[in-house]
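Asker: First the structure, then my questions, so here it is.
The values are calculated or read from the model by the stated rules, or taken from the named source; none is laboratory data. The model shown is predicted, which means the values in this text are computed figures rather than measured ones. Here Cβ is always computed from backbone atoms with ideal geometry, including for glycine, and neighbour counts include all displayed protein chains. SASA here: full protein model, heavy atoms, side chains in, ligands and nucleic acids out. Shrake-Rupley method; radii C 1.70, N 1.55, O 1.52, S 1.80 Å.
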Amino acid sequence: MPKYVTHCAFFFLAITALSGVWMRLYAISTPSQIVAYDHILHAHSHAAILGWTFLAVFIIFLKLAWEHLQQKKQATILIIVTFLITFSMTIAFIWQGYALYSIILSTTHILIEYWALIFVYRSLKKVPDIPAVSKTFIKGALLTLFISSIGPWSLGAIGSQGLQHLPIFDMAVYFYLHFQYNGWLYLILIGLFLYLLVKKGISLPTKILKVSFWIYIFALFPGYFLSVLWYDFRVIGIVFGAFGAIGQLVGVLTLCFAIFQIRFDIAENFSKRVRLLLGLSFLLLLSKTVMELALLHLPFANLIYETRSVVVGYLHLTLLGFISLLILSLFQMGQLLDEKNPFVRMGLATFIIGFTLNEIILFISGLFKWLDLTYLPFENELLLFAAILLFVGTLSIWSNVFKQENLLAIETKAFKKTT
């Protein structure tokens, strides 16, 4: 697999982190307010989900299956097209916000997602070393990726009818987000994780993993109600939400139990640093899933929905914590990153410190609001510091990709001389 494609993913992680710094500067620096805040926010969120996470998981799949792929050129073209469209979309959002060009480009990205979906699905049939349980998770991920796209398509219809100020518009947004991070990204990352374990010669507890998948996938659909309990669905909303929350928690606990059974095999094949990062990733997954149970208490749920810092903290816990840290774990396990490189180690430490500080400040800020206390001292400055740490950590990790390219070029040059 061409090494340069890894840069595409890290480019958008850097853009996400840099736009995060920009948003934090917005609250304390007038010169930074040259662009409307919501423009930066749209660029930030789309670069994170459609750039960083989408490209990263696709690159991990290509890395693992590359030797068996028959359409390598198509895979490379797909990454390049995704990069160009997503970069153009990010610029469009900064320039004009949610308007004509950004809508056209984000719609084009959905079509690219369908292309990638079909590519991965066809590849599953032709790659012989993917275990059946891993295929099950990956196929579930592809299904939920397709389902999530119903949200953006419906936004156009809702907006054309002048209904964007009604609850149905927000429901469509939450529909998309729910099936993206609870569906597509969770399932594809677990599927790739299991595939990587098998490539290392580790036998999987297949039956337990299949039970985990089916419990989780059946709970995923009613679990959507957890995101929209702010709307009065009466008893039916609580019933479906409870089924979704409890089912997803049982599914995650079953998955963790299956992984715990092969912990010694994992210890034999991966370093302590990688195992600690994996442990942190799954701990954040459990924390996020347990937190969702609190939404079943409607008064508390309404309080959470109305507290922006808590909502942002939850989204960061999921996307920046569980998902991004698991991606970085898989990058190291699949040798897309050199875990022994000091810049990777320093970058990961800086990234995790920035993430932790960000979460602490956001949730404490929410607690202050709930208790009717005064404004958290230096909140904006601390959030800015956390954003800078995340950006610095990203650049440090990314630098290793350049170093690996240089080493590969030197080794290739030396090999040609000897032959």
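Asker: Quick one: would you say residue 156 is surrounded by fewer than 21 Cβ atoms within 10 Å (Cβ to Cβ), in contact (Cβ under 8 Å) with a residue 12 or more places away in the chain and touching an Asp or Glu at 6+ places or on another chain (Cβ under 7 Å)? Reasoning before the result, please.
Answerer: Numbers: surrounded by fewer than 21 Cβ atoms within 10 Å (Cβ to Cβ): yes; in contact (Cβ under 8 Å) with a residue 12 or more places away in the chain: yes; touching an Asp or Glu at 6+ places or on another chain (Cβ under 7 Å): no.
Considered against the rule, which asks whether it is surrounded by fewer than 21 Cβ atoms within 10 Å (Cβ to Cβ), in contact (Cβ under 8 Å) with a residue 12 or more places away in the chain and touching an Asp or Glu at 6+ places or on another chain (Cβ under 7 Å), residue 156 comes out as no.
Asker: For residues that are farther than 15 Å from residue 225 by Cβ and of a type in the set (S, T, N, Q), scanning just segment 280-309, find the one that is farthest from the chain's Cα centre (by Cα).
Answerer: If we take residues in segment 280-309 being farther than 15 Å from residue 225 by Cβ and of a type in the set (S, T, N, Q), then 307 is farthest from the chain's Cα centre (by Cα).
Asker: Can you tell which of 97, 51 is surrounded by fewer than 18 Cβ atoms within 10 Å (Cβ to Cβ) and among the small types (Gly, Ala, Ser)?
Answerer: On the way: 51 fails: surrounded by fewer than 18 Cβ atoms within 10 Å (Cβ to Cβ).
Of 97, 51, the one residue that is surrounded by fewer than 18 Cβ atoms within 10 Å (Cβ to Cβ) and among the small types (Gly, Ala, Ser) is 97.
Asker: Residues in segment 346-356: is at least one more than 19 Å from residue 20 (Cβ to Cβ), at pLDDT 95 or above and of a type outside the set (Phe, Trp, Tyr)?
Answerer: Yes.
Asker: Give the residue that is most open to solvent (accessible area, probe 1.4 Å), with candidates limited to residues of segment 73-94 that are of a type in the set (Gly, Ala, Ser) and over 26 Å from residue 132 (Cα atoms).
Answerer: Checked segment 73-94; the qualifying residue most open to solvent (accessible area, probe 1.4 Å) is 88.
Asker: Which condition does residue 170 not pass, out of (1) of a type outside the set (Lys, Arg); (2) open to solvent by 30 Å² or more (accessible area, probe 1.4 Å); (3) within 21 Å of residue 245 (Cβ to Cβ); (4) in contact with a helix residue (DSSP H, G or I) (Cβ under 6 Å, 6 or more places away or on another chain), if it passes all the others?
Answerer: (4)
Asker: Residues 124, 111: which one is open to solvent by less than 90 Å² (accessible area, probe 1.4 Å) and at pLDDT 90 or above? Give the steps one after another, and end with the answer.
Answerer: On the way: 111 fails: open to solvent by less than 90 Å² (accessible area, probe 1.4 Å).
Selected residue: 124, the only one of 124, 111 that is open to solvent by less than 90 Å² (accessible area, probe 1.4 Å) and at pLDDT 90 or above.
Each row is one residue, and each column tells you yes or no for (1) at pLDDT 85 or above; (2) touching an Asp or Glu at 6+ places or on another chain (Cβ under 6 Å); (3) farther than 23 Å from residue 271 by Cβ.
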site: 326; (1), (2), (3): yes, no, no
site: 332; (1), (2), (3): yes, yes, no
site: 364; (1), (2), (3): yes, no, yes
site: 370; (1), (2), (3): no, no, yes
site: 380; (1), (2), (3): yes, no, yes
site: 383; (1), (2), (3): yes, no, yes
site: 394; (1), (2), (3): yes, no, no
site: 399; (1), (2), (3): yes, no, no
site: 408; (1), (2), (3): no, no, no
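Asker: Related question: Let me spell it out: the conditions are (1) at pLDDT 90 or above; (2) touching a Lys or Arg at 6+ places or on another chain (Cβ under 9 Å); (3) open to solvent by 10 Å² or more (accessible area, probe 1.4 Å), and residue 129 meets all of them except one. Which number is the exception?
Answerer: All conditions are met except number (1).
Asker: Can we say residue 163 is in contact with a helix residue (DSSP H, G or I) (Cβ under 8 Å, 6 or more places away or on another chain) and either open to solvent by 60 Å² or more (accessible area, probe 1.4 Å) or free of Cβ contacts under 8 Å to residues at least 12 places away in the same chain (or both)?
Answerer: Numbers: in contact with a helix residue (DSSP H, G or I) (Cβ under 8 Å, 6 or more places away or on another chain): yes; either open to solvent by 60 Å² or more (accessible area, probe 1.4 Å) or free of Cβ contacts under 8 Å to residues at least 12 places away in the same chain (or both): yes.
Considered against the rule, which asks whether it is in contact with a helix residue (DSSP H, G or I) (Cβ under 8 Å, 6 or more places away or on another chain) and either open to solvent by 60 Å² or more (accessible area, probe 1.4 Å) or free of Cβ contacts under 8 Å to residues at least 12 places away in the same chain (or both), residue 163 comes out as yes.
Asker: To continue, here is another question. Being polar (S, T, N, Q) and within 26 Å of residue 289 (Cβ to Cβ) is the filter here, so list the residues in segment 312-368 that pass it. Write out each step before concluding.
Answerer: Taking segment 312-368 as the starting set, the residues that turn out to be polar (S, T, N, Q) are 318, 324, 329, 332, 335, 341, 350, 356, 358, 365.
318, 324, 329, 332, 356, 358, 365 - these are the residues of segment 312-368 that are polar (S, T, N, Q) and within 26 Å of residue 289 (Cβ to Cβ).
Asker: Which one is farthest from the chain's Cα centre (by Cα), of the residues in segment 178-216 that are assigned to a helix (DSSP H, G or I) and hydroxyl-bearing (Ser, Thr, Tyr)? Before the answer, list the steps.
Answerer: Of all residues in segment 178-216, those assigned to a helix (DSSP H, G or I) come to 178-199, 206-216.
Still in the list and also hydroxyl-bearing (Ser, Thr, Tyr): 181, 186, 195, 206, 212, 216.
Numbers: 181: 6, 186: 8, 195: 19, 206: 25, 212: 20, 216: 18 Å.
Of everything passing the filter in segment 178-216, 206 is farthest from the chain's Cα centre (by Cα).
Asker: Could you please let me know if residue 243 is open to solvent by 10 Å² or more (accessible area, probe 1.4 Å), of a type in the set (Phe, Trp, Tyr) and closer than 25 Å to residue 145 by Cβ? Walk me through it before giving the result.
Answerer: On the way: open to solvent by 10 Å² or more (accessible area, probe 1.4 Å): yes; of a type in the set (Phe, Trp, Tyr): yes; closer than 25 Å to residue 145 by Cβ: yes.
Judged against the criteria, residue 243 is a match.
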